[in-house]
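Engineer: One structure, as structure tokens, below. Some questions next.
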Amino acid sequence: MTKEDGNMAQDTFSILDLVKDVVSEKTALPDFQRDFVWDIERTYDLFDSIVRNIFIGSIIFGKPKFGLAIREIDLRERPKKGLKRKALKVEYFDDQKIMQKCDANNFKIILDGQQRLTAICRALLGKDDIWFIIKNLDDIDQKFKECNFNELDLEDVLYEFDKEENQQRISIKLNNIYKFSTGEIALDEQKKKIFFESSFIKNQKDEEQSVKDEFFIKYLTIANKIQDLFKKDKLVSYYLLEMNTEKFTLFFERSNTKGITLSFVDILVAKLYTNFKLRYEIEKFNTNNPYKLDPEIITRTIALIVSNFKELKRSYILTELTADHFIKYWDDLCKCYMKVIDYLVDNHYIINLKWMPYDRMIIPLITFLFYSDKKTFNEITKQQSDFIEYWYWSSIYTNRYTSSTNDIIIKDALILKNVAENKRITDTHFFEKISNYSIREAQDLFLYSQKASAIYKGVLNFINYTSHGIKNWNDSKKIQLKDDIDDHHIFPKEFISNRFSGKEEEQYIDSVPNRTLIPKITNIKISDKSPSKYLNEKLLENSDLDKALISHKIPALIFSPESDNKFMEFLGERARLIFDDIILIKGKKEVIKQDWFQEFIPTDNEIKVFANYNGFKFDAVFNTKTSKINYNNEILTPSRSAINAINSIPGKMRGSQNGWLFWMYFDSNNEVQFIDNLRKY
């Protein structure tokens, strides 16, 4: 077994050893693991696979190097109607205690396989009654009829696993097998007493004692074979990992695909358990507010503030954030979160949270509110409001949050913090990058047809924004937050497929100019009717339908039956209407820049710079004239100096590094910027 952090090697052990470790509390669950959910039938299948030597998958254990809350294995009675079960015991171990337990007692936690492990323990410890039902002679395959019974394998004599004994067949309770193996039931006379009290024997009341004794020999033979099977040290394969918080989190995010995908927030729940009940706070928020909280957004915002806008990485959050940080910032940031969502909904930036183009754009907006004097959007200036509008839509149309998200969040949070404090922006490249729209002409909108695309979602929300709220086709009233919204095909999918099969039109069925957000029930009722037909039917119900369609940027020509054959003309006209509004937003760049940009001009050719990397700090000097770095009295390019700095850390491997995004300086606002902003000097 390798001992290096995060490495693992496969090993095996027996089912009995597994259960003994649970009984002796050497094996437990991290508190964030999901509950035991297997029904009894899955336990039957598990033991059937074990008996038939079918691979049941590996169990993965971990030896954590950090404190977290630990929960006992679920050995309670199964849920029954009207029966309130006691809560499982949860205990918090700090860093020192959990490492002592791991070293001294071989303590380990279950990372993957807890459903299988719990099912095995419940069966052997008698919390679930699981019976091995033995075939009668008539049940055994013909090819085995000539064999002695004791020569048959377990799978040859297994009739089934069940929750109760079978009156017609010899049955062995798995809990008794465990008691046999531990010596709790040690003597054959004790085993015989159990057997002769079974329903099967009571059903054999007319048989001679010698026959009943023969049945007992069969019982004992199979019981011993099951016991031997459970003692086999190669029956269950497992991996044991020794891991820090970063690798621990990565394991759950990437491997737990059969159950609930866990994030670092789930691990924080266990880490902060003693002093800050994160799970309780999340549930409290969701109970008391109309919006469901995304706890990762609040957690990352706390990390931003605590690190002074330097860190958002998972490793930093899990190692550096403490309960005190959550106690200090949680409530205030949750209030800001609510106000941000209200602002986005009330001002028609989003129709609801489901259609938010980039969830993480909420973090810079929370930062803006947190650092504003009034802590409310009601009292922001027009310049601040205009900046938010330009930043928000430009971020979407430049796909700004698609890659390198952490760096973008930090940059934008700093920028919005400056805007909240009415400070100028000194980032030279910000306005250029945020004005490089992916949509350069109306027909580019034809390219977006996937719901996962931020631009697809953004366009549908943008129509809502420019119309100050899209209207319901049924009554021309604004669509409400509570409405169940669907992205409807204006020219229905089936209609296009039937009328334009194999033609150019068919490839643009799902494109965003053919989609709009309407209540789901309306979408269902439209079905595959032609646009002119369903809209004229709707016109009989709502005489103001034309006003509703205008809010959706749908041209009035669609009412005409002739327009049913002009799908491409319709797409082109609607794309132009949407694109005209996009250009209006993009065109605000110079006004926004004039209001908020202030060029940072160094007073000297040489600027002190620094870098933080994995807890190490480096100092150097950047020459704006030569674009070189003086690091350790060597004049180097930014990237070469960054590589040298990283390579000076013990144990770090040599690799490439973008020095322009490694070295930082303080600008005239005393804000941290990358030297990438100084490239032109």
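The values are calculated or read from the model by the stated rules, or taken from the named source; none is laboratory data. Since the model is a prediction, treat every value here as computed from it, not as a measurement. Using ideal geometry, Cβ is built from the backbone for each residue, glycine included, and neighbour counts are taken over all protein chains shown.
Engineer: Could you check the stretch 62-97 and list, in sequence order, the residues that are among the aromatic types (Phe, Trp, Tyr) and farther than 14 Å from Lys26 by Cα? Let's see the steps before the verdict.
Structural biologist: Narrowing the stretch 62-97 to residues among the aromatic types (Phe, Trp, Tyr): 66, 92-93.
Once the filter is applied, which keeps residues that are among the aromatic types (Phe, Trp, Tyr) and farther than 14 Å from Lys26 by Cα, the stretch 62-97 yields Phe66, Tyr92.
Engineer: Going by what's in this entry, would Ala119 be described as of a type outside the set (D, E, K, R), over 30 Å from Thr322 (Cβ atoms) and outside any loop (DSSP other than H, G, I, E, B)?
Structural biologist: Working: of a type outside the set (D, E, K, R): yes; over 30 Å from Thr322 (Cβ atoms): yes; outside any loop (DSSP other than H, G, I, E, B): yes.
Answer is yes for this residue.
Engineer: OK, next. Pick out the one residue from Asp188, Asp141, Asp206, Asp233 that is at pLDDT below 90, touching an Asp or Glu at 6+ places or on another chain (Cβ under 9 Å), surrounded by fewer than 13 Cβ atoms within 10 Å (Cβ to Cβ) and farther than 30 Å from Gln114 by Cβ.
Structural biologist: Selected residue: Asp141, the only one of Asp188, Asp141, Asp206, Asp233 that is at pLDDT below 90, touching an Asp or Glu at 6+ places or on another chain (Cβ under 9 Å), surrounded by fewer than 13 Cβ atoms within 10 Å (Cβ to Cβ) and farther than 30 Å from Gln114 by Cβ.
Condition check ((1) in the same structural domain as Lys63 (by TED's automatic domain parsing); (2) surrounded by 13 or more Cβ atoms within 10 Å (Cβ to Cβ); (3) under 22 Å from Arg52 (Cα atoms); (4) touching a helix residue (DSSP H, G or I) at 6+ places or on another chain (Cβ under 9 Å)) across all residues:
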| site | (1), (2), (3), (4) |
| --- | --- |
| Leu88 | yes, yes, no, no |
| Leu111 | yes, yes, no, yes |
| Gln114 | yes, yes, yes, no |
| Leu137 | no, no, yes, yes |
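Engineer: In the stretch 83-132, what residues are at positive phi and either at pLDDT below 85 or not small (Gly, Ala, Ser) (or both)? Break it down into steps so the answer makes sense when it comes.
Structural biologist: Within the stretch 83-132, the first condition is being at positive phi, and the residues that meet it are 106, 113, 126.
Passing the criteria: only Asn106.
Engineer: What are the residues in the stretch 644-663 that are in contact with a helix residue (DSSP H, G or I) (Cβ under 8 Å, 6 or more places away or on another chain), modelled with pLDDT of 80 or more and surrounded by fewer than 19 Cβ atoms within 10 Å (Cβ to Cβ), if any?
Structural biologist: Within the stretch 644-663, Asn658, Trp660, Leu661 qualify.
Here's the yes/no breakdown for (1) at pLDDT 85 or above; (2) exposed (fewer than 15 other Cβ atoms within 10 Å of the Cβ):
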site: Glu41; (1), (2): yes, yes
site: Leu46; (1), (2): yes, no
site: Ile59; (1), (2): yes, no
site: Pro64; (1), (2): no, no
site: Gly67; (1), (2): no, no
site: Arg71; (1), (2): yes, no
site: Asp74; (1), (2): yes, no
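Yes/no per residue for (1) in contact with a Leu (Cβ under 7 Å, 6 or more places away or on another chain); (2) in contact (Cβ under 8 Å) with a residue 60 or more places away in the chain; (3) closer than 21 Å to Tyr437 by Cα; (4) among the basic types (Lys, Arg):
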| position | (1), (2), (3), (4) |
| --- | --- |
| Leu369 | no, no, no, no |
| Asp373 | no, no, no, no |
| Thr376 | no, no, no, no |
| Asp386 | no, yes, yes, no |
| Thr398 | no, no, yes, no |
| Thr402 | no, no, yes, no |
| Asp412 | no, no, yes, no |
| Val419 | no, yes, no, no |
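Engineer: When the residues of the stretch 499-521 are filtered to those that are buried (at least 18 other Cβ atoms within 10 Å of the Cβ) and in a helix (DSSP H, G or I), which remaining residue is farthest from the chain's Cα centre (by Cα)?
Structural biologist: Among those that are buried (at least 18 other Cβ atoms within 10 Å of the Cβ) and in a helix (DSSP H, G or I), it is Glu505.
Engineer: Can you tell me which condition Gln100 does not meet? The list is (1) touching a residue at least 12 places away in the same chain (Cβ under 8 Å); (2) under 18 Å from Pro30 (Cβ atoms); (3) of a type outside the set (A, V, I, L, M, F, W, C), and all the others hold.
Structural biologist: Condition not satisfied by Gln100: (1).
Engineer: Within the group Lys471, Lys451, which residue is buried (at least 20 other Cβ atoms within 10 Å of the Cβ) and not polar (S, T, N, Q)? Break it down stepwise before answering.
Structural biologist: Values: Lys451 fails: buried (at least 20 other Cβ atoms within 10 Å of the Cβ).
Just a single option satisfies the conditions, and that option is Lys471.
Engineer: Just wondering, is there one or more residues in the stretch 592-605 that are at pLDDT 95 or above, surrounded by fewer than 17 Cβ atoms within 10 Å (Cβ to Cβ), hydrophobic (A, V, I, L, M, F, W, C) and within 30 Å of Arg440 (Cβ to Cβ)?
Structural biologist: no
Engineer: Give the stretch 77-97 a look and list any residue that's within 19 Å of Asp21 (Cβ to Cβ) and free of Cβ contacts under 8 Å to residues at least 24 places away in the same chain, or say none.
Structural biologist: Passing the criteria: Leu88, Lys89, Glu91.
Engineer: Kindly indicate whether any position in the stretch 332-347 is crowded, with 17+ Cβ neighbours inside 10 Å, among the aromatic types (Phe, Trp, Tyr) and at negative phi.
Structural biologist: Yes, there is a match, as at least one residue in the stretch 332-347 is crowded, with 17+ Cβ neighbours inside 10 Å, among the aromatic types (Phe, Trp, Tyr) and at negative phi.
Engineer: Out of all the residues in the stretch 469-477, is one or more farther than 28 Å from Ala413 by Cβ and part of a helix (DSSP H, G or I)? Give the derivation first.
Structural biologist: Our first condition is that a residue be farther than 28 Å from Ala413 by Cβ; within the stretch 469-477, this holds for 469-477.
Add one more test, that the residue is part of a helix (DSSP H, G or I), and what stays is none.
The answer is no; no qualifying residue exists.
Engineer: Let me ask something else about it. Return the residue satisfying two criteria in turn: it lies in the stretch 390-407 and is surrounded by fewer than 21 Cβ atoms within 10 Å (Cβ to Cβ) and in contact with a Lys or Arg (Cβ under 8 Å, 6 or more places away or on another chain), and of such residues it is modelled with the lowest pLDDT.
Structural biologist: Step by step, filter the stretch 390-407, then rank; the result is Thr405.
Engineer: Something else now. Residue by residue through the stretch 542-557, note down the ones that are touching a Leu at 6+ places or on another chain (Cβ under 6 Å) and over 13 Å from Asn472 (Cβ atoms).
Structural biologist: Of all residues in the stretch 542-557, those touching a Leu at 6+ places or on another chain (Cβ under 6 Å) come to 545, 553.
Scanning the stretch 542-557 gives a single hit, Lys553.
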